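Have a look at the structure below, then the notes.
The values are calculated or read from the model by the stated rules, or taken from the named source; none is laboratory data. The structure presented is a predicted model; accordingly, all values stated were derived computationally and were not measured. Heads up, the Cβs are rebuilt from the backbone with ideal geometry, glycines too, and the neighbour counts pull from every protein chain shown. SASA here: full protein model, heavy atoms, side chains in, ligands and nucleic acids out. Shrake-Rupley method; radii C 1.70, N 1.55, O 1.52, S 1.80 Å.
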Amino acid sequence: MPEGPELHLASLYVNKVCDGVVFTGPVRKSEVSKNPDVPFTCEAYFITATSRGKEVKLTLMPIKSDDDPDQRAKAGQVAQPMDVVFRFGMSGYFRFTREDELPKHAHLRFYTNEKPCRVLSFVDTRRFGSWQPNGTWQADRGPCVMFEYKEFRENIVTHLSDHAFDRPICEVLLNQKYFNGIGNYLRAEILFRLNIPPFVPARDVLDGLQTEDLCGDNKVKEITRKPKNKQETGDLLQLCHAVPLEVVNLGGKGYDPEKADYSGFEAWLQCYNVDGMKSTRDHNGRTMWFAGDPGPMAPKNSKSPKAIKRVKKEDHDYTDRKKLGRRGPESTTKKKAMKEEGGTKTTKKENKVCPKESKRKKNREVNAPQRETRSSTRRRKSSSADITAGSQRRNVRMAK
DNA sequence: CGTCCACGTCTAC
DNA sequence: TAGACCTGGACGG
């Protein structure tokens with residue numbers, strides 16, 4: 001669930017399913033969760049949600065009842081509203097179900113006063129997510145790229161001397177102090193659309209930016225003009241706003257391969273995890289998907305013994321370039337890569353950036369070998385109209 | 001069976 | 001700049 005669009009969609013979901021629903025009693029936490037207890041209990045309360053970048057805030061609002069003059073007397077005092085701020089980690093989301101169909105990994109739960117009751121659950125398989133009772137938006141996170149656009153722009157143009165911008169643009173895009181809401185698939189999609197190599201210095205791309213959105217009223221004019229550097233930067237911050245909003249407007253659940261409506265999102269992706277696109281690890285071990293030139297700051301050193309072995313092997317595989325694909329790149333946490341130690345590791349070769357097949361083609365079906373020039377297997381799931389559109393768009397890019 | 005990979009932070013050497 | 005924190009799906013043997 002977890003980049004800006006998914007967090008916002010989660011807040012919309014909560015507001016929709018909890019509209020008019022009365023919750024009651026204590027908030028309950030799973031045994032296994034290491035997150036804090038939420039010391040809130042109330043006879044009757046509403047739940048509403050808002051989002052900002054990669055956080056969601058739930059507001060637990062006691063219902064004051066004129067019909068219940070005992071309310072104050074009983075509790076000694078009326079419960080106060082409480083905000084709980086969530087981060088979703090890699091796998092967090094909200095679900096509203098009957099109590100007897102609680103999802104696995106429902107780590108924080110809010111119960112309705114119905115009979116049988118229903119439950120709003122914060123579900124988080126991997127438990128990288130977190131919540132904070134009486135929470136506030138995390139102090140070090142910047143303005144929301146989607147819903148605080150003006151402040152977002154300003155925060156960047158007024159801090160360009162920050163050393164954070166010494167890094168490659170693709171890595172800076174994950175810095176939540178400046179790009180609150182951008183994650184791994186969004187950075188790939190945004191840079192791909194502007195044809196910006198991922199490993200160019202961020203400041204080179206952002207330098208000369210205006211606080212005002214250059215592409216506002218004059219949008220058409222600006223875009224049809226010769227794309228200069230400054231133009232692209234204007235576009236970059238604008239796309240950091242517009243691309244996530246596209247996902248929100250897809251109306252599905254965003255990035256969530258487990259869900260039925262994932263195909264719409266998958267068809268929307270132009271670069272991330274798309275067959276034929278290149279990918280490599282950035283300096284933090286995160287996979288960067290891109291097309292064309294990686295840029296001057298691309299990591300040169302392979303840290304993957306397996307990748308080296310593969311490369312050697314492939315040196316003799318001259319028959320089919322298409323097959324190059326899938327090295328076994330490092331896992332983000334390279335746990336036991338030491339196992340293989342041998343001598344392979346010392347002879348580090350360049351970690352070649354090469355096109356590869358998407359791993360996410362779970363079609364075990366052994367069809368006739370598809371020689372389709374990419375554009376291809378993954379995309380085939382979308383409607384033919386989308387395929388055409390996608391291809392055309394790419395052709396335009398290539399023609400440039 | 002085992003290995004690799006995943007939409008993200010965190011903190012410790 | 002590494003690990004640590006976790007579960008589970010895809011894929012290979």
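The figures follow:
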| item | result |
| --- | --- |
| Those residues of region A:94-131 which are open to solvent by less than 40 Å² (accessible area, probe 1.4 Å) and within 16 Å of DNA strand C (Cβ to nearest atom), in sequence order | A:PRO103, A:ALA106, A:HIS107, A:LEU108, A:SER121, A:PHE122, A:VAL123, A:ASP124, A:GLY129, A:SER130, A:TRP131 |
| Members of region A:155-203 that are surrounded by fewer than 21 Cβ atoms within 10 Å (Cβ to Cβ) and among the small types (Gly, Ala, Ser) | A:SER161, A:ALA164 |
| Tally of residues being open to solvent by 20 Å² or more (accessible area, probe 1.4 Å), among the hydrophobic types (A, V, I, L, M, F, W, C) and within 16 Å of A:PHE128 (Cβ to Cβ) across region A:1-34 | 2 |
| Total residues in region A:144-179, condition in contact with a strand residue (DSSP E or B) (Cβ under 9 Å, 6 or more places away or on another chain), of a type in the set (Asp, Glu) and in a loop (DSSP other than H, G, I, E, B) | 1 |
| Lone unmet requirement of (1) among the acidic types (Asp, Glu); (2) in contact (Cβ under 8 Å) with a residue 24 or more places away in the chain; (3) open to solvent by 10 Å² or more (accessible area, probe 1.4 Å); (4) away from DNA strand C (no atom under 16 Å from the Cβ) for A:GLU151 | (2) |
| Which numbered condition A:VAL85 misses (of (1) under 20 Å from the mean Cα position of the chain (by Cα); (2) within 11 Å of DNA strand B (Cβ to nearest atom); (3) open to solvent by 30 Å² or more (accessible area, probe 1.4 Å)) | (3) |
| Per-region count, region A:110-135, residues within 21 Å of the chain's Cα centre (by Cα) and either assigned to a loop (DSSP other than H, G, I, E, B) or of a type in the set (Phe, Trp, Tyr) (or both) | 7 |
| Any hit, region A:69-86, residues being modelled with pLDDT of 95 or more, in a loop (DSSP other than H, G, I, E, B), in contact with a Pro (Cβ under 7 Å, 6 or more places away or on another chain) and not polar (S, T, N, Q) | yes |
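Residues checked against (1) open to solvent by 20 Å² or more (accessible area, probe 1.4 Å); (2) closer than 30 Å to A:VAL123 by Cβ; (3) modelled with pLDDT of 50 or more:
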{"position": "A:VAL247", "(1), (2), (3)": "no, yes, yes"}
{"position": "A:ALA260", "(1), (2), (3)": "yes, yes, yes"}
{"position": "A:TYR272", "(1), (2), (3)": "yes, yes, yes"}
{"position": "A:HIS283", "(1), (2), (3)": "yes, no, yes"}
{"position": "A:SER331", "(1), (2), (3)": "yes, yes, no"}
{"position": "A:LYS334", "(1), (2), (3)": "yes, yes, no"}
